[in-house]
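Asks: Here's a structure for you.
Read-outs: derived from the displayed coordinates by stated rules, not from any lab. This one's a predicted model, so the numbers in the text were calculated from it and none came from an experiment. In this analysis, Cβ positions are derived from the backbone assuming ideal geometry, glycine residues included, and neighbour counts consider all displayed protein chains.
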Amino acid sequence: MVAPVPAAPPAEVDAGRAGGSARREYERRSAAREKRIREAHPRVGGLILALSDEPQSTTAWARGAKGEEMLGRGLDALADRGVRILHDRRIPRTRANIDHIAVGPSGVFVIDAKRYKGRPSLRVEGGILRPRTARLVVGSRDCTSLVQGVHKQVSLVRDALATAGHGSVPVRGVLCFVEADWPLIGGSFQVDGVHVLWPRKAYEHLTVHGALAPSAVDELHRLLAQAFPMA
């Protein structure tokens, strides 16, 4: 009787590189600017580059990449607490990406990292005579549109799980502001169901005990890595 051949272990999931696509976009824009200036001013291009600043539209990509990298290191450190991470995942058929997807005992978290200046706050208006509305404000900047962006990402992740037969797994949206002016005590809140918080608070949410066994966490992690490839 021929002994059965043992099944090969599943291939290791590549978690990706936090901030990878944002870093590449910054480098692309920076190199293109340098090329334009040096070609337009062959003799003094280097001096112009040394004495001028890159436009905000270019440096914003570097700033965003740095925020994703900082948060990514903290998320990776949660591995020994049963949390599996995917960084910089491409949304199929689009040019958009998801900064981080975390799978832990309590479910799946879709995390959008932002490195904005100012204090995040919840502004609630209306109530009795007009509809109640909630806005996300960072400093003096209305950032409510970020909440809708997270909702879209959460919806895509839920669809991917449902298609694979895991529609009952909780999926939560998180906006994580890195290096924002958070108060010493408290400060986190929700806007339309999306958690708004800082890195350490995010780590607390991800490591809460839940119903998912380690094998289920690994299975969901692998499934989502296939549904959302590296950007």
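Asks: For the stretch 147-231, what relative contact order do you get, as a whole percent, if you take Cα pairs closer than 8 Å and at least 6 residues apart?
Replies: Rounded, it is 28 percent for the stretch 147-231.
Asks: At a threshold of 8 angstrom on Cα-Cα distance, excluding pairs fewer than six apart, so keeping six or more, what relative contact order does the chain reach in percent?
Replies: Working: 377 pairs, mean separation 53.0, N = 231.
Once normalised by length, the contact order is 23 percent.
Asks: Among all the lysines, which ones have a C-alpha under 22 Å from Lys66's C-alpha, if same-chain residues fewer than 8 places away are not counted?
Replies: Filter leaves Lys114, Lys117, Lys201.
Asks: Under the rule of -39500 (n - 2.57) per DSSP H run of 4 or more residues, summed and divided by the residues of the chain, what mean residue ellipticity at 222 nm is obtained, to the nearest 500 deg cm²/dmol?
Replies: Numbers: 6 runs with 91 residues, N = 231.
After summing the helix terms and dividing by the residues of the chain, the value is -13000 deg cm²/dmol.
Asks: A further question on this structure: Based on alpha-carbon centroids, what's the gap between the stretch 76-122 and the stretch 126-178 in Å, whole number please?
Replies: Comparing the Cα centres of the stretch 76-122 and the stretch 126-178, I get a distance of 13 Å.
Asks: Now a separate question. With Cβ to Cβ distances under 11 Å as the rule, what net charge do the other residues near Tyr116 carry (K, R +1; D, E -1)? Don't skip to the answer; put the middle values down first.
Replies: Details: positive: Arg63, Lys114, Arg115, Lys117, Arg119, Arg141; negative: Glu179, Asp181.
Net of charged neighbours comes to +4.
Asks: Explain nothing, just the number: dipole magnitude of the stretch 134-231 about its Cα centre with +1 on each Lys and Arg Cβ and -1 on each Asp and Glu Cβ, in debye rounded to the nearest 20. Working shown, then result.
Replies: On the way: 8 positive and 8 negative charges, 20 e Å.
Using Cβ point charges on Lys, Arg, Asp and Glu, the stretch 134-231 gives about 100 debye.
Asks: Quick check: convex hull over the Cα atoms of the stretch 57-113, volume per residue in Å³, rounded to an integer?
Replies: Taking the convex hull of the Cα positions in the stretch 57-113, it is 70 Å³ per residue.
Asks: In addition: If you take Kirkwood radius over Cα pairs in Å from the coordinates, which of (1) 17.9; (2) 19.7; (3) 17.1 do you get?
Replies: Calculated Kirkwood radius over Cα pairs in Å: the matching label is (2).
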